[in-house]
Amino acid sequence: MESDKPLKVAVLGCGSVGSQVVRLLGEQAGDLAARVGAPVELVGVAVRRLDAPREIEVPTGLLTTDAIALVTRDDVDVVVEVIGGIEPARSLILAALESGKSVVTANKALLAEDGPTLFEAAEKAGRDLYYEAAVAGAIPILRPLRESLAGDRVTRVLGIVNGTTNFILDKMDTSGAGFAEALEEAQELGYAEADPTADVEGFDAAAKAAILASLAFHTRVTASDVHREGIAEVTAADVASAREMNSVVKLLAICELRETEDGQSAVAVRVHPAMIPTSHPLASVRGAYNAVFVESEAAGQLMFYGPGAGGAPTASAVLGDLVTVARNRIGGTRGPGESAYADRAVLPMGETVTRYHVAIDVADRAGVLAAVATAFAEHGVSIQTVRQEGRDADAQLVVVSHEATDAQLAATVESLRDMDIVREVTSVMRVEGVAE
Ligand SMILES: NC(=O)c1ccc[n+]([C@@H]2O[C@H](COP(=O)([O-])OP(=O)(O)OC[C@H]3O[C@@H](n4cnc5c(N)ncnc54)[C@H](O)[C@@H]3O)[C@@H](O)[C@H]2O)c1
Ligand SMILES: N[C@@H](CCO)C(=O)O
Ligand code: NA
């Protein structure tokens, strides 16, 4: 369908992503018009301060500090929200949808906290809400889950969805650096923020995990449902120990479909550091790159790889969504809305099943190995391998288990800590990406 009437776009926020969206809208106007079937015209850019320095020059006539007036303007068709955070982003998106605009956003924090409110508003308005940029930046992953794999049954999603933490862990692996040193380098290179909490403590990855799990399993998962552990406790010794096992340490977002004891299907969603074998495709994701590994019944294994952050890569995903929602408007249609029909329970972390790598400093004397093995056996945790390294009068035992629940492993570790022969449980790390 072709139209001479321009499709009018308002952009909210002109920071890293917003400025690149504005740049691409200008530079690619010809191609965008051909792909959409109508000229795409930028009619306003909402900013916090009119005189702030910006990466690109925006004609002053387009700038406004009154975002709410912009999103409710009669002539605006599509609103791109790249302010970030919960408020005022949520109120602006809701106002845009209520006044009949389609919305494209990159806001993972808002979607993970309160996605259902936004999806319901989009449904009520009969408009599109697209958010490919919210997870793994430029990498097309939400559209594949929402559309390409809609006829398949996704069983597992394993993602490296935070570039900052992947950079830090990769640095620790390649240089032997400790966490603090690697973080400092990430900050110097501009990967990590001055306050790195959202990345390092796993909040950013947990928001993305909630979005991925909702789409993969057709159910509502919010950030508060996600078990979250960051990477601040990962030591150079953990990384070296992973190497010994031909593995690497990665911060993973893990979303799984699980059968419960009563035959229902439930979901388990977690973010934590884990060892994965170097033979797993995710192990080769280096530096600040992202990748999402998807397992589904019919397709098998798929991996989506690329830049998960940065102004221009993220703007690429925003523009892709913009073309889709613009086409839909011109065609008088809309894309798929929220799919939460399966309404699955979220399993508590204690019921999550995986394998574990446990390092224990013990006294080096007769019966110690048997006592440690008994502590595992008493809690139903089956041992796969044990490695021992001598340390003068002491020794370090490294135990790798078969699959067990998190609750079983936690109880085992508690028993180990109570044993006289155990000096210290120095590290407990989950092991992922290994076929049982
Ligand atoms: N930068 C990335 O690599 C990246 C990647 C994926 C997703 N995202 C998401 O994209 C969004 C934007 O991120 P960013 O990196 O561009 O952030 P940013 O801080 O660089 O830009 C946000 C801009 O919004 C402006 N702003 C704040 N309140 C405003 C208001 N009320 N009205 C108008 N403007 C306002 C700020 O002044 C700032 O310029 C966030 O939701 C973020 O999570 C960013
Ligand atoms: N801080 C995020 C940016 C994208 O969400 C990262 O390091 O991947
Ligand atoms: Na993406």
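The values are calculated or read from the model by the stated rules, or taken from the named source; none is laboratory data. If you're wondering where the values come from, they're calculated on a predicted model, not measured in any experiment. FYI the Cβ positions are ideal-geometry reconstructions off the backbone, even for glycines, and counts take in every protein chain you see.
What the table shows:
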quantity	calculated
Enumeration of residues in the range 261-298 that are more than 18 Å from the chain's Cα centre (by Cα), assigned to a loop (DSSP other than H, G, I, E, B) and not β-branched (Val, Ile, Thr)	Glu261, Asp262, Gly263, Gln264, Ser279, His280, Glu297, Ala298
Verdict on Leu110 being in contact with a Leu (Cβ under 7 Å, 6 or more places away or on another chain) and more than 12 Å from ligand 2 (Cβ to nearest atom)	no
Residues located in the range 125-148, provided they are within 11 Å of ligand 3 (Cβ to nearest atom) and part of a helix (DSSP H, G or I)	Glu132, Ala133, Ala134, Leu142, Arg143, Pro144, Leu145
Residue match in the range 191-205 (condition: hydrophobic (A, V, I, L, M, F, W, C), within 16 Å of Leu111 (Cβ to Cβ) and crowded, with 24+ Cβ neighbours inside 10 Å)	yes
Subset of the range 187-231 (residues that are within 14 Å of ligand 2 (Cβ to nearest atom), out of contact with any Phe, Trp or Tyr (no Cβ under 9 Å at 6 or more places or on another chain) and within 19 Å of Phe293 (Cα to Cα))	Gly202, Asp204, Ala205, Ala206, Ala207, Lys208, Ala209, Ala210, Leu212
Flag for Thr174 being within 16 Å of ligand 1 (Cβ to nearest atom) and surrounded by fewer than 20 Cβ atoms within 10 Å (Cβ to Cβ)	no
Residues of the range 319-344 satisfying the condition of being assigned to a loop (DSSP other than H, G, I, E, B) and either loosely packed, with under 12 Cβ neighbours inside 10 Å or in contact with a Lys or Arg (Cβ under 7 Å, 6 or more places away or on another chain) (or both)	Gly331, Gly332, Thr333, Arg334, Pro336, Ala340, Tyr341, Asp343
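Matching residues to (1) charged (D, E, K, R); (2) surrounded by 14 or more Cβ atoms within 10 Å (Cβ to Cβ):
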residue: Gly380; (1), (2): no, no
residue: Thr385; (1), (2): no, no
residue: Glu403; (1), (2): yes, yes
residue: Ala411; (1), (2): no, yes
residue: Glu414; (1), (2): yes, no
residue: Ile421; (1), (2): no, yes
residue: Val428; (1), (2): no, yes
residue: Ala435; (1), (2): no, no
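Conditions (1) touching a Lys or Arg at 6+ places or on another chain (Cβ under 9 Å); (2) farther than 21 Å from Leu215 by Cβ; (3) modelled with pLDDT of 95 or more, marked per residue:
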| position | (1), (2), (3) |
| --- | --- |
| Val80 | no, no, yes |
| Gly85 | no, yes, yes |
| Arg90 | no, no, yes |
| Ala96 | yes, yes, yes |
| Ser102 | yes, no, yes |
| Asn107 | yes, no, yes |
| Thr117 | yes, no, yes |
| Ala133 | yes, no, yes |
